[in-house]
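**Q** Structure in structure tokens, see below.
Bear in mind that the values in this text are calculations on the coordinates, not laboratory data. Everything quoted here is computed from the prediction, not taken from an experiment. Glycine also receives a Cβ, built like all others from the backbone with ideal geometry; neighbour counts cover every protein chain displayed.
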Amino acid sequence: MGNREDLIRSLAGVMGMSGEQKKADSHFDPSTGTLYCGSRVFSQVDIAEAKKFCENNMRKMAEIQDNAAMYYEIAASAIEILEQDSVKNGGKVVVKDN
């Protein structure tokens, strides 16, 4: 017999509920610099653009003294950590900041 989650999904399917498949685990592959979030896949280019977006908006929000600047800074910092971990674990950050 499967684990508890599989059993619950199976029972939901029998009862006419969705019984949808378990979401794929999210993870970062440091060897390729690819971020997997559920069913979404983000390449190094996507990650670099997201970081640039966060940094630009962080500056804009800071100029108008909006607290949202902190949230953009957190996101940009998290992306930076992913990039650093990629290099530390033998991966290479192919896409460099402009």
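**Q** Going 7 Å from the Cα of ARG40 toward and past its Cβ, which residues in region 56-74 have a backbone nitrogen under 19 Å from where you end up?
**A** 56-58, 71-74
**Q** Also, I was wondering about something else. Which far-off residues, 5 or more places away or on another chain, put their amide H under 5 Å from the one on THR34, with H placed in the peptide plane?
**A** ASP29
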